[in-house]
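The values are calculated or read from the model by the stated rules, or taken from the named source; none is laboratory data. What you see is a predicted model, and the numbers here were worked out from it, not measured in a lab. Here the Cβ positions follow ideal geometry from the backbone for every residue, glycine too, while neighbour counts run over all protein chains shown. Surface areas here come from the heavy atoms of the whole protein model, side chains and all, with no ligands, DNA or RNA. Shrake-Rupley method; radii C 1.70, N 1.55, O 1.52, S 1.80 Å.
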Amino acid sequence: MKDHQISFQFISEPSDVNFGGKVHGGMVMKWIDQTAYACACNWAGSYCVTVYVGGIRFYRPIQIGQIVRVDAELIYTGRTSMHIAVDVSSKAVALSGFTKTTHCIIVFVAVDDSGKPVPVPAWVPQSEREKLMQQYAKRLMELRKDIEQEMAPFI
Ligand SMILES: CC(C)(COP(=O)(O)OP(=O)(O)OC[C@H]1O[C@@H](n2cnc3c(N)ncnc32)[C@H](O)[C@@H]1OP(=O)(O)O)[C@@H](O)C(=O)NCCC(=O)NCCS
C-alpha cells in the first residue's frame with residue numbers, strides 16, 4: 001500500500017443496523033469520512049478538516065455480518081486541499097470477491113492549530129490510472145462551480 005492510499009477491512013456489526021435490517025447509510029458515511037481522513041492526515045502530516053463530500057452514491061446495501069472494505073486514495077492536491085476518492089465494497093465472509101457498494105469524493109483541507117489552511121505536499125500522479133484519477137478530480141471541481149452557483153441562493 002502506497003502512502004497516498006489506505007485500505008481498511010472489518011465485519012459490519014449488529015450495532016450498524018438500520019430499520020430495514022441492513023447497514024445504516026450514516027454508518028457507511030462515517031467509515032468513509034474516517035478512512036479518507038486518515039489518508040489525508042497521512043499525506044499532509046498535519047490535522048485536517050473535511051470541507052466537501054460530493055457525489056455519494058449507495059449502489060447496493062451492505063448486510064450485517066459481511067466483510068466491509070473501505071479504500072481511500074489521494075487523487076488530487078491543491079495548495080491546501082486534498083481530494084480523496086473512496087470506494088466501499090462488501091462480501092459475505094464465505095465468498096471471494098468484493099462487490100462495490102458506494103463511491104464518493106471527499107475533500108479535506110490541512111489546517112494549523114488555529115484552523116487556518118496550510119499548504120500540503122503536491123501529489124504527482126505517476127501511472128496512467130493515477131493521471132486519469134487526477135483528471136477526474138479536476139473535472140468534478142469544474143462541475144462543482146455550477147452546482148455551488150445553483151445552491152448559493154439557498155445557503
Ligand atoms: C475548511 C476551511 C478551513 C476552509 O477555510 P476557507 O477560509 O474557506 O479557506 P480557503 O478559501 O483558503 O480554502 C481552502 C481550501 O479549501 C478549498 N475549498 C473551499 N471550498 C471548497 C469546496 N466547496 N469544495 C472543495 N474544496 C473547497 C479551496 O479550494 C482551498 O483549496 P486549495 O488551497 O487547495 O486551493 C473552513 O471552511 C472550515 O473550517 N470549514 C469547516 C470544516 C469542518 O468543520 N468540517 C467538518 C468537521 S472535520
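At least 1 residues being open to solvent by less than 30 Å² (accessible area, probe 1.4 Å) and more than 10 Å from the ligand (Cβ to nearest atom) is the threshold, and among the strands (runs of 3 or more DSSP E) wholly inside segment 44-155 those reaching it are 67-77, 81-91, 99-110. Any residue in segment 26-34 that is within 25 Å of MET141 (Cβ to Cβ), touching a Phe, Trp or Tyr at 6+ places or on another chain (Cβ under 9 Å) and part of a strand (DSSP E or B)? The answer is no, given that none of the residues of segment 26-34 is within 25 Å of MET141 (Cβ to Cβ), touching a Phe, Trp or Tyr at 6+ places or on another chain (Cβ under 9 Å) and part of a strand (DSSP E or B).
Taking the criterion of being among the aromatic types (Phe, Trp, Tyr) and more than 16 Å from the ligand (Cβ to nearest atom), the residues of segment 8-43 that qualify are PHE8, PHE10, PHE19. If the condition is being part of a helix (DSSP H, G or I) and open to solvent by 40 Å² or more (accessible area, probe 1.4 Å), then segment 12-25 contributes PRO14, SER15.
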